[in-house]
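This report concerns only the one structure given below.
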Amino acid sequence: HFFSLESLGIWWVTTALSEWPQKRQDIDKVLEDFDRGEGQLGDRRQEIVFIGIDMDQGVVEGLLDTCLLTDEEMEQYLKRAKPNAVRVDFTSETPQVLAADHPAT
């Protein structure tokens, strides 16, 4: 049996703009993981991978689905989550990364 749990660092959405990469290509790579919807979750997410033989995908998915937050629990999380340090304007051809306190355009 093998189990691995790794942290890949902090979320970019909570990282001060001064700590972001400077090259556009690097910024674009970071933004590939950002939520482009109405939500302000940025790159916040969890990923899990199962590798095995004879696993019942439906059973595994069903068990994991029972762990999902309800809408009410998600609202509570958003109230307590670390505030976003940046916001991203995806309305232009080249997305703009701005400090969270930068006035909206």
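When residues in region 93-104 are screened for being under 17 Å from ASP35 (Cβ atoms) and either open to solvent by 60 Å² or more (accessible area, probe 1.4 Å) or small (Gly, Ala, Ser) (or both), 2 of them pass. Answer yes if at least one residue in region 52-63 is part of a loop (DSSP other than H, G, I, E, B) and within 29 Å of PRO95 (Cβ to Cβ), and no otherwise. Checked region 52-63: no residue is part of a loop (DSSP other than H, G, I, E, B) and within 29 Å of PRO95 (Cβ to Cβ).
Among the residues of region 52-72, which ones are within 30 Å of ARG87 (Cα to Cα) and surrounded by 10 or more Cβ atoms within 10 Å (Cβ to Cβ)? Step through it out loud before you land on a result.
At the first step, the residues of region 52-72 found to be within 30 Å of ARG87 (Cα to Cα) are 65, 67-72.
Of everything in region 52-72, just one residue is within 30 Å of ARG87 (Cα to Cα) and surrounded by 10 or more Cβ atoms within 10 Å (Cβ to Cβ), namely LEU69.
What's the total number of residues in region 81-92 that are assigned to a loop (DSSP other than H, G, I, E, B) and either open to solvent by less than 90 Å² (accessible area, probe 1.4 Å) or free of Cβ contacts under 8 Å to residues at least 24 places away in the same chain (or both)? Please lay out each step first, then the result.
First pass over region 81-92, keeping only residues assigned to a loop (DSSP other than H, G, I, E, B): 81-85, 90-92.
If we keep only those that are either open to solvent by less than 90 Å² (accessible area, probe 1.4 Å) or free of Cβ contacts under 8 Å to residues at least 24 places away in the same chain (or both) too, we end up with 81, 84-85, 90-92.
Adding up the residues that qualify gives 6.
Take LEU78 and tell me if it is open to solvent by less than 100 Å² (accessible area, probe 1.4 Å), at pLDDT below 90 and touching an Asp or Glu at 6+ places or on another chain (Cβ under 8 Å). No, not satisfied. Residues that are polar (S, T, N, Q), touching a residue at least 60 places away in the same chain (Cβ under 8 Å) and assigned to a helix (DSSP H, G or I) do occur in region 1-23, at least one of them.
Restricting PHE34, PHE50 to those that are of a type in the set (A, V, I, L, M, F, W, C), modelled with pLDDT under 95 and over 16 Å from the mean Cα position of the chain (by Cα) reduces the list to PHE50. Each residue in region 1-51 was checked for being open to solvent by 100 Å² or more (accessible area, probe 1.4 Å), under 18 Å from THR91 (Cβ atoms) and basic (Lys, Arg), and 1 pass.
The values are calculated or read from the model by the stated rules, or taken from the named source; none is laboratory data. Worth saying up front: this structure is predicted, and the values here are computed from it rather than measured. Glycine also receives a Cβ, built like all others from the backbone with ideal geometry; neighbour counts cover every protein chain displayed. Note: areas computed on protein heavy atoms with side chains; ligands, DNA, RNA excluded. Shrake-Rupley method; radii C 1.70, N 1.55, O 1.52, S 1.80 Å.
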